[in-house]
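The values are calculated or read from the model by the stated rules, or taken from the named source; none is laboratory data. Note that the structure is predicted; figures quoted are calculated from it, not measured. Neighbour counts are summed over all protein chains in view; Cβ atoms, including those assigned to glycine, are modelled from backbone coordinates with ideal geometry. The protein model used for the area step is the full one, side chains on, heavy atoms only, and it has no ligands, DNA or RNA in it. Shrake-Rupley method; radii C 1.70, N 1.55, O 1.52, S 1.80 Å.
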Amino acid sequence: KLAAEFPSENVFLITASPLIKAVTNFKQVSKTLEEFDVEEQPSSSLEKRYPNIRVIQSGVKRLKSDEHKIYTEDGKEYIYEKLCLCAGAKPKLICEGNPYVLGIRDTDSAQAFQKNLAQAERIVVVGNGGIALELVYEIQGCEVIWAIKDKAIGNTFFDAGAAEFLLPKLAAESQETPIQCKRTKYTLEGGVEQGKPAGASEQLGSALGPDWHEGLHLKGTKEFSHKVHIETRCEVKKIHLQQEFIQLQQSSLTFPKGQKNVEADEVLWPVYVELTNGKIYGCDFIVSATGVVPNVEPFLDGNNFAVAPDGGLQVDGRMHTSVPDVFAAGDICTAAWEPSPAWHQMRLWSQARQMGWHAAKCMAADAHGQSVDMDFSFELFAHITRFFNYKVVVLGKYNAQGLGSEHELMLRCTKGHEYVKVVMQNGRMMGAVLIGETDLEETFENLILNQMDLSAYGEDLLNPDIDIEDYFD
């Protein structure tokens, strides 16, 4: 977007990764819902398309905003007129520096996970967001103990009702053939690997796209498909290595086979997880999928950034940070503007793309001394994804975020087929969760955006015998 806005200026993209993430097969599903694939491409593909872009492959060491300079790991410095920080976020690991704890966020960590899983008989997954959900569903032939701090799975995206709707899929013995994947598989070319700059191994790659697990062979050593046990309302209290555990002289549990099972485990495992509910499980390794923290480290020193409570760089409606000529977009930033009633920030691919686009428009307007309106995509929170092979659409305040007790929920659920939930406040639709092929996303998007009073329709709003799409066309 910047290259198009400033065709005669140099646009530098400084990235620690040998590949760049490109958005392909972009499809506008409705006014605010977008579907697209995320593909890794060599940086030369971007330079070919836009002759004024130069990709610099190096990590950033330091920013000196008063001098308008960026210093890179390879010892070079670059002067900028306008700068946009899009350094994303890094996994929030439950335990730093433990070889048995893996965080999954980028291509490299997904490949390390795949390698470890091939030898694994049991793993513990900690976390309840999108990556944990996909992971637990995709893993076959390995016992999975899934520890979540909430009452129900997928708390980031769903309520307990939607979780109940999805759970039978976890118990299903064999998986359906996966839906034909539209996104390109993530691979780092062998040749590119060798050409990594020194010290780049610790660098974070960019976040995985929405179908990151496709094409990865997520299979453990055992001959069964799903074997998942969920421990709810608990967190990890302590992680013990094998030697420490033996000295503790405590017993760990076998994989639960039913409600009454509390047998002690005879097997010795490489690592043990002690949960806050008092249970201890041994496993081959632990996957930490407990969310991310904004990756602000290299930029804070010596610069006067306003940092939000969640650790992100605060940006206003023009994606401008508190430092002159420095903008930020995506996971690294925190929206500090007054959001529209049906929008909230969530660190997702879809929002990263919208913020990047809007930031480029704002940087151009700033350079030309013009003002720019808030992009329409910030009117309504809208996200489309897939979980457990179901299409999932979340709109607006889909979990009644910030609505207090003054709201009501309406549900329609057909087991194994669809789950529809709408959040209503004072007769107006504020949010919705649609699981399955409901075809209601456009209608509900419009009803949330135009805030029409729907009190007259009552329960009939979700009556399957009434074609609501036609009605509100």
_Given (1) open to solvent by 40 Å² or more (accessible area, probe 1.4 Å); (2) in contact with a Lys or Arg (Cβ under 9 Å, 6 or more places away or on another chain); (3) among the aliphatic types (A, V, I, L, M), identify the lone condition not met by Leu300._
(2)
*Among the residues of segment 67-89, how many are in contact (Cβ under 8 Å) with a residue 40 or more places away in the chain and over 27 Å from the mean Cα position of the chain (by Cα)?*
9
*Could you please find all residues in segment 316-341 being under 20 Å from the mean Cα position of the chain (by Cα) and of a type in the set (A, V, I, L, M)?*
Ala328, Ala329, Ile332, Ala335
_Which listed residue, of Asp66, Asp74, is surrounded by fewer than 21 Cβ atoms within 10 Å (Cβ to Cβ), part of a helix (DSSP H, G or I) and among the acidic types (Asp, Glu)_ = Asp66
*For segment 245-283, name all the residues that are open to solvent by less than 80 Å² (accessible area, probe 1.4 Å) and of a type in the set (Asp, Glu).*
Asp265, Glu274
*List the number of the failed condition for Ile14; all other conditions in (1) open to solvent by less than 40 Å² (accessible area, probe 1.4 Å); (2) in a strand (DSSP E or B) hold.*
(1)
*In the set Glu459, Glu445, which member is in contact (Cβ under 8 Å) with a residue 12 or more places away in the chain, in a helix (DSSP H, G or I) and more than 32 Å from the chain's Cα centre (by Cα)?*
Glu459
*Which members of segment 77-87 meet the condition of being in contact with a helix residue (DSSP H, G or I) (Cβ under 9 Å, 6 or more places away or on another chain), surrounded by fewer than 19 Cβ atoms within 10 Å (Cβ to Cβ) and assigned to a loop (DSSP other than H, G, I, E, B)?*
Glu81
*Among the residues of segment 37-63 satisfying the criterion of being under 28 Å from Ile131 (Cα atoms) and among the polar types (S, T, N, Q), which is surrounded by the fewest Cβ atoms within 10 Å (Cβ to Cβ)?*
Gln41
